[in-house]
Amino acid sequence: MSPFLRSAVVLGLLCATGPLAIDMYLPALPRIAESLGGTMAGAQLTISAYFIAYGLAQMAYGPMADMVGRKPPLIAGLALFLAGSIGCALAPDMNWLIAARILQALGGAAAMVIPRAIIRDLHTGAQATRLMALVMLIVSVSPMLAPLAGSAIIALAGWRAIFAVLAIAAALSIAVTLLLQPETLQPEHRVPVRLSALSRGVRTLVTDPVFMGLTFVGGFGMASFFVFLASASFVYTGHYGLTPTGFSLAFAINAAGFFAASQLAAGLGEKYGAERVVTWAVTGFLLTTVVLLVLVSSGVDSFALLVAMLICANACLGLVIPTVMVMALDDHGDIAGLASSLGGMLQMLCGGVLTMLAGPFFDGTPRPMVGAIALAAVLAFTAMRLTQSARARRIVAAA
């Protein structure tokens, strides 16, 4: 196996740890709410709380990884994820479950931030996009197979066993990191964490309209998927009458569109330019979701149509998200860890906040879910246009 492919496999497996904590238990959400005496909103809060904690924690791991190297904070985060998974398995009520999910998220964030910084250590430009896309291909196993695995576990041993499996996955991830992942940030390149330097780095990033714009393009794109995660199990099983296994299959089909398209991102970026690919894909995402909202609002209630159009929307996001991740880091290689953590935090907060704001409107029917997804598309398109304007002003100023 070539070093490039080995990096993709190892980093992909690590990055899949966090998504597993969402995808595997999605079929169990209605059952968890019933088992713990909670409501649909309470069950959805276990997802939005995870996203928010996951996002906030990323700000700690980036600077830490720049200071001590990539491996030590990665292992520490995976250990927290392991502890949180055990706490979820033992939860006696919804509040306990939410708290344990937050602990899970605080640890799982390391497995998102640090692999992105490792990719930036190893490659830039098209090579980085290709490696990011390969990592996302490995990660794609999670949303396509994890819900099916979760359904099987529920049928055999109940929903608590899902979190026992996640604890085992965390232990295996720690072993993979220790044995297979080399340190990519050498001591001479490490940056001591000083409040002044951290503040200066954050100021550099938040005052860069291109970095912030690209971050929010990806953030609102991810927010639409988070809304889907929080509501699809209730819509698919409650409104359309699918079994947990049927929901898992429908969910896998939706996820397949995203990850299949993500493998085209690097090639299309090399041929047409990354900015043009993002423009096309965000525009397609907007048109698809707005048309779907109009159809659903006018009374069209077709499960096949809903799934087909969400596949198209997610395919657009498969081109957007890996591309904007790389573009946002390209100008900030000297603070890649901080840039990765700040960008990741803002993106996860977009998803968590939008899910929380949309939560009170969910009624088990498709319209609130589709409406929130279309709103995310409008916001992503707006962020893209603002970014293009900022980039054009930068080019003119440099001329």
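The values are calculated or read from the model by the stated rules, or taken from the named source; none is laboratory data. Worth saying up front: this structure is predicted, and the values here are computed from it rather than measured. Heads up, the Cβs are rebuilt from the backbone with ideal geometry, glycines too, and the neighbour counts pull from every protein chain shown. What goes into the accessible areas is simple: the full protein's heavy atoms, side chains included, and nothing from ligands, DNA or RNA. Shrake-Rupley method; radii C 1.70, N 1.55, O 1.52, S 1.80 Å.
Residues ALA65, ALA60: which one is open to solvent by 40 Å² or more (accessible area, probe 1.4 Å), touching a Pro at 6+ places or on another chain (Cβ under 9 Å) and either assigned to a helix (DSSP H, G or I) or at pLDDT 85 or above (or both)?
ALA60
From the list VAL193, VAL217, VAL165, VAL206, the one residue that fits, being modelled with pLDDT of 85 or more and over 30 Å from LEU26 (Cα atoms), is VAL206.
LEU249 meets each of the listed conditions (1) in contact with a helix residue (DSSP H, G or I) (Cβ under 8 Å, 6 or more places away or on another chain); (2) open to solvent by less than 50 Å² (accessible area, probe 1.4 Å) apart from (2).
Out of curiosity, is SER173 at pLDDT below 85, of a type in the set (S, T, N, Q) and surrounded by 20 or more Cβ atoms within 10 Å (Cβ to Cβ)?
Numbers: at pLDDT below 85: no; of a type in the set (S, T, N, Q): yes; surrounded by 20 or more Cβ atoms within 10 Å (Cβ to Cβ): yes.
For SER173, the condition - at pLDDT below 85, of a type in the set (S, T, N, Q) and surrounded by 20 or more Cβ atoms within 10 Å (Cβ to Cβ) - is not met.
Taken over segment 90-112, residues that are open to solvent by 40 Å² or more (accessible area, probe 1.4 Å) and over 19 Å from the mean Cα position of the chain (by Cα) amount to 6. Pairing residues of segment 32-54 that are part of a helix (DSSP H, G or I) with residues that are of a type in the set (Ser, Thr, Tyr), at Cβ distances under 6 Å and at least 6 apart in sequence or on separate chains, gives SER48/THR355. Every condition in (1) hydroxyl-bearing (Ser, Thr, Tyr); (2) more than 15 Å from ALA380 (Cβ to Cβ); (3) open to solvent by less than 70 Å² (accessible area, probe 1.4 Å) is met by THR288 except one, and the failing one is (2). Residue-level analysis places ALA28 among those that are in contact (Cβ under 8 Å) with a residue 60 or more places away in the chain, of a type in the set (Gly, Ala, Ser), open to solvent by less than 10 Å² (accessible area, probe 1.4 Å) and assigned to a helix (DSSP H, G or I). If only residues of segment 201-240 that are open to solvent by 10 Å² or more (accessible area, probe 1.4 Å), assigned to a helix (DSSP H, G or I) and aromatic (Phe, Trp, Tyr) are counted, the one that is nearest to ALA358 (Cα to Cα) is PHE226.
Does VAL324 meet the test of being touching a residue at least 12 places away in the same chain (Cβ under 8 Å) and either more than 30 Å from GLY69 (Cα to Cα) or in a helix (DSSP H, G or I) (or both)? Considered against the rule, which asks whether it is touching a residue at least 12 places away in the same chain (Cβ under 8 Å) and either more than 30 Å from GLY69 (Cα to Cα) or in a helix (DSSP H, G or I) (or both), VAL324 comes out as yes.
Would you call ALA255 crowded, with 24+ Cβ neighbours inside 10 Å and assigned to a helix (DSSP H, G or I)? Judged against the criteria, ALA255 is a match. The condition (being of a type outside the set (D, E, K, R) and out of contact with any helix residue (DSSP H, G or I) (no Cβ under 9 Å at 6 or more places or on another chain)) is satisfied by just one residue among VAL113, VAL68: VAL68. Each residue in segment 291-305 was checked for being open to solvent by 30 Å² or more (accessible area, probe 1.4 Å) and either of a type in the set (Asp, Glu) or touching a residue at least 60 places away in the same chain (Cβ under 8 Å) (or both), and 4 of them qualify. Among residues of segment 306-361 being at pLDDT 80 or above and out of contact with any helix residue (DSSP H, G or I) (no Cβ under 7 Å at 6 or more places or on another chain), the one that is least open to solvent (accessible area, probe 1.4 Å) is ALA308. Only one of the listed residues (GLY38, GLY87) is open to solvent by 10 Å² or more (accessible area, probe 1.4 Å), small (Gly, Ala, Ser), over 18 Å from ALA169 (Cα atoms) and in contact with a helix residue (DSSP H, G or I) (Cβ under 9 Å, 6 or more places away or on another chain). That residue is GLY38. Quick one: what pairs do we get from segment 87-100, first residue closer than 11 Å to ARG160 by Cα, second assigned to a loop (DSSP other than H, G, I, E, B) and open to solvent by less than 10 Å² (accessible area, probe 1.4 Å), C-beta under 7 Å, 6+ apart or different chains? Short answer, once both residue conditions are applied: LEU97/ALA91.
Filtered by the rule that a residue be part of a helix (DSSP H, G or I) and open to solvent by less than 40 Å² (accessible area, probe 1.4 Å), segment 268-285 gives GLY269, ALA274, VAL277, VAL278, THR279, ALA281, VAL282, GLY284, PHE285. Of all residue pairs spaced 6 or more apart or on separate chains, those with beta-carbon atoms under 9 Å, a first member in segment 360-389 that is over 19 Å from THR323 (Cα atoms) and a second member that is outside any helix (DSSP H, G or I) and of a type in the set (A, V, I, L, M, F, W, C) are PRO368/PHE362; MET369/PHE362; ALA372/PHE362.
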